[in-house]
Amino acid sequence: MPEKNQIYTTEITGLTSEGNGVCRIDGMAVFVPETAVGDVAEIKIVKVLSSHGFGIVNKIITPSTDRELRKCEVYKKCGGCVFRHINYKAECHAKNEIVKSAFERIGGLTPMYDEFISSENSDRYRNKAQYPLTLSDGKAVCGFYAPRSHRVVPVEDCSLQPEIFSSITTHILNYINTKKLSVYNELSGTGIMRHIYLRQGTYSGEIMVCLVARKNISRQLTALCRTLTEKFSDIKSIILNINPDKTNIILGEKCVLLWGNDTISDTMCGNKIKISALSFYQINTRQAEKLYAKALEYASPNKNDVIADLYCGAGTIGLSMAKKAKKVIGVDIVPDAIKNAKKNADLNNISNAEFYCGDAGEIFSQLHQSGCYPDVIILDPPRKGCSKESLDVIITSSPSKIIMISCNPSTAARDAKYLSKHGYSVTKVCGTDLFPSTKHVECVVLLTKTK
């Protein structure tokens, strides 16, 4: 067993889903940040547990051919980009292995794996950013939380965000400091300004500015709206979101329109989309289109099929399939999302799509009573995956196909395993990178009903 504070020379042979390198020292697995497969390095042991240990790099003796420092001033501090130190090809290989490992290790499954879908852009791909505010030397700054903490690392420009976001946040911070607006303190629950939240339509260029505050301070932001819209012509919406609760949840339930429209427009899979502050919308638009194309390929609906889209958000997935099916039924528990989905269906003259707000079990029970049983069910759950109740509702509906789109291969594998025990075969899996440089990876799963 390796000893704490001792230095060992070893080779990195793998990568974890957190982006840490893996080596073996005296037969024990040791996890080492910022290392690459093929690195030969001196590793200092900083923690030893019964089954594994943790180390840090003391010295790189022979660097891996995968190493390629992709420029960023703060990635080591903010912890967002765990793959910033290797080339993108190596990152995609690692993420594909993470997907396969989840389904084989957690799910005990052996599906066919389609070719991993890499991103055409590894920088400036995000259409949304949420910046927590804090004080530094008495001045308001914004940035991102350091790993496993709520300590804000100030960031002037993140290479994953559109460059214009940096200019907008700088303008807002100058206003907050000039007007001496107080900044929220998580520990005491005092202060007003909590977050700066920005969205931009990838194709339209339209920008939404959402300011998150502890209470309604609309009057104090009137001049900011004027100067922002004078300086940035792409801003089409300025929203004040009110979150009075002492919580780490970013957005509150109430939004106040300060200027312009309460939505911005974009295009997804050829459909015009309206996006509100509270509705879910994929962060990497162009890559999401590839993801949805793979989901459509797996679903391969015909003109007689009814498609149910659970966790439908603004309706983008279901609407992308509507022209191929008899009917699309979208379900989401967020009222704003369903409101957006209905608007998006009308905007694109899609008449065969219906959207319902509520619990999936209750909605499906009503559908079953009216004799409606979906042929294809699309799932796009949050990171925690589907609840057992949701999965049981799906099993009761008995669709011929289930298409799962997941941002967490581990919970996808867990849910796929459950479905495989209740009449479904996990046929295909396709890993997809929507978040280059970060630890996140998506996958699309095809489950078919066994006879």
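The values are calculated or read from the model by the stated rules, or taken from the named source; none is laboratory data. Just so it is clear, the model here is predicted, and its values are computed rather than measured. Counting neighbours? That spans all protein chains shown, and the Cβs are built from the backbone with ideal geometry, glycine included. Areas reflect the complete protein model, heavy atoms only, side chains present, ligands, DNA and RNA absent. Shrake-Rupley method; radii C 1.70, N 1.55, O 1.52, S 1.80 Å.
Just name the residue that is modelled with the lowest pLDDT out of those in the range 272-293 that are open to solvent by 30 Å² or more (accessible area, probe 1.4 Å) and either assigned to a strand (DSSP E or B) or over 15 Å from residue 200 (Cα atoms) (or both). Working first, answer last.
From the range 272-293, those open to solvent by 30 Å² or more (accessible area, probe 1.4 Å) are 272, 274, 278, 280, 286, 289-290, 293; that's our starting set.
Narrowing the set further to residues that are either assigned to a strand (DSSP E or B) or over 15 Å from residue 200 (Cα atoms) (or both) leaves 272, 274, 289-290, 293.
Numbers: 272: 95, 274: 92, 289: 97, 290: 97, 293: 97.
Only one residue fits best here, namely 274.
Within the range 7-33, track down each residue that is part of a loop (DSSP other than H, G, I, E, B) and crowded, with 19+ Cβ neighbours inside 10 Å. Even if it seems obvious, please write down each step before you answer.
Filtering the range 7-33 for residues part of a loop (DSSP other than H, G, I, E, B) gives 12-13, 16-20, 26-27, 33.
Residues satisfying the conditions are 12, 17, 19, 20.
Scanning the range 228-247 for residues that are of a type in the set (Ser, Thr, Tyr) and either assigned to a strand (DSSP E or B) or surrounded by 19 or more Cβ atoms within 10 Å (Cβ to Cβ) (or both) yields a single hit, 237.
Results for (1) farther than 30 Å from residue 144 by Cα; (2) touching a Cys at 6+ places or on another chain (Cβ under 8 Å); (3) of a type in the set (A, V, I, L, M), shown as yes or no for each residue.
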| site | (1), (2), (3) |
| --- | --- |
| 17 | no, no, no |
| 27 | yes, no, no |
| 54 | no, no, no |
| 57 | no, no, yes |
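The C-beta contact set for the range 83-111 (first residue within 12 Å of residue 17 (Cβ to Cβ) and outside any loop (DSSP other than H, G, I, E, B), second residue open to solvent by 10 Å² or more (accessible area, probe 1.4 Å) and among the polar types (S, T, N, Q), distance under 6 angstrom, 6+ apart or interchain) comprises 98/17; 102/410; 106/410. Screening 57, 37 for residues that are under 30 Å from residue 433 (Cα atoms) and part of a strand (DSSP E or B) leaves exactly one candidate, 57. Go through (1) out of contact with any Lys or Arg (no Cβ under 9 Å at 6 or more places or on another chain); (2) of a type outside the set (Ser, Thr, Tyr); (3) closer than 25 Å to residue 113 by Cα; (4) at pLDDT below 95 and name the single condition residue 385 misses. Evaluating residue 385 over (1) out of contact with any Lys or Arg (no Cβ under 9 Å at 6 or more places or on another chain); (2) of a type outside the set (Ser, Thr, Tyr); (3) closer than 25 Å to residue 113 by Cα; (4) at pLDDT below 95 leaves (1) as the failure.
Could you go through the range 116-132 and let me know if any residue there is without any contact (Cβ under 8 Å) to a residue 40 or more places away in the chain and under 27 Å from residue 279 (Cβ atoms). Yes, some residue in the range 116-132 is without any contact (Cβ under 8 Å) to a residue 40 or more places away in the chain and under 27 Å from residue 279 (Cβ atoms). Confirm whether residue 141 is open to solvent by 20 Å² or more (accessible area, probe 1.4 Å), closer than 18 Å to residue 74 by Cα, in contact with a Leu (Cβ under 9 Å, 6 or more places away or on another chain) and at pLDDT 95 or above. Yes. Per this entry, residue 317 is not counted among residues that are part of a strand (DSSP E or B), β-branched (Val, Ile, Thr) and either without any contact (Cβ under 8 Å) to a residue 24 or more places away in the chain or closer than 16 Å to residue 446 by Cβ (or both). Within the range 64-76, if we keep just the residues that are open to solvent by 80 Å² or more (accessible area, probe 1.4 Å) and over 19 Å from residue 146 (Cα atoms), the residue that is modelled with the highest pLDDT turns out to be 65.
On the basis of being closer than 28 Å to residue 290 by Cβ, among the polar types (S, T, N, Q) and open to solvent by 70 Å² or more (accessible area, probe 1.4 Å), does residue 110 make the cut?
Numbers: closer than 28 Å to residue 290 by Cβ: yes; among the polar types (S, T, N, Q): yes; open to solvent by 70 Å² or more (accessible area, probe 1.4 Å): yes.
Taking the combined requirement at face value, the residue satisfies it.
Checked against (1) under 22 Å from residue 437 (Cβ atoms); (2) assigned to a strand (DSSP E or B), residue 65 passes all but a single condition, namely (2). When residue 199 is tested against (1) touching a Leu at 6+ places or on another chain (Cβ under 6 Å); (2) of a type outside the set (A, V, I, L, M, F, W, C); (3) surrounded by 21 or more Cβ atoms within 10 Å (Cβ to Cβ), exactly one condition is not met: (1).
Looking at the range 178-193, can you tell me whether even one residue there is assigned to a helix (DSSP H, G or I) and either open to solvent by less than 10 Å² (accessible area, probe 1.4 Å) or over 17 Å from residue 279 (Cβ atoms) (or both)? Within the range 178-193 (the criterion being assigned to a helix (DSSP H, G or I) and either open to solvent by less than 10 Å² (accessible area, probe 1.4 Å) or over 17 Å from residue 279 (Cβ atoms) (or both)), the answer is yes, since at least one residue qualifies. Quick test for you: out of 164, 207, pick the one residue that is at pLDDT 95 or above and open to solvent by less than 10 Å² (accessible area, probe 1.4 Å). When all the criteria are applied, what remains is 207. Evaluating residue 104 against the criteria (1) in contact with a Lys or Arg (Cβ under 9 Å, 6 or more places away or on another chain); (2) surrounded by fewer than 19 Cβ atoms within 10 Å (Cβ to Cβ) leaves one unmet condition, (1). Scanning the range 253-271 for residues that are closer than 19 Å to residue 131 by Cβ and open to solvent by 10 Å² or more (accessible area, probe 1.4 Å) turns up 255, 258.
Beta carbons closer than 6 Å, at least 6 apart along the sequence or on distinct chains, pair a first residue in the range 151-179 that is more than 16 Å from residue 207 (Cα to Cα) with a second that is in a helix (DSSP H, G or I) and open to solvent by 30 Å² or more (accessible area, probe 1.4 Å) for 153/77.
Check whether at least one residue in the range 77-93 is within 16 Å of residue 412 (Cα to Cα) and open to solvent by less than 60 Å² (accessible area, probe 1.4 Å), and report yes or no. No, every residue in the range 77-93 fails to be within 16 Å of residue 412 (Cα to Cα) and open to solvent by less than 60 Å² (accessible area, probe 1.4 Å).
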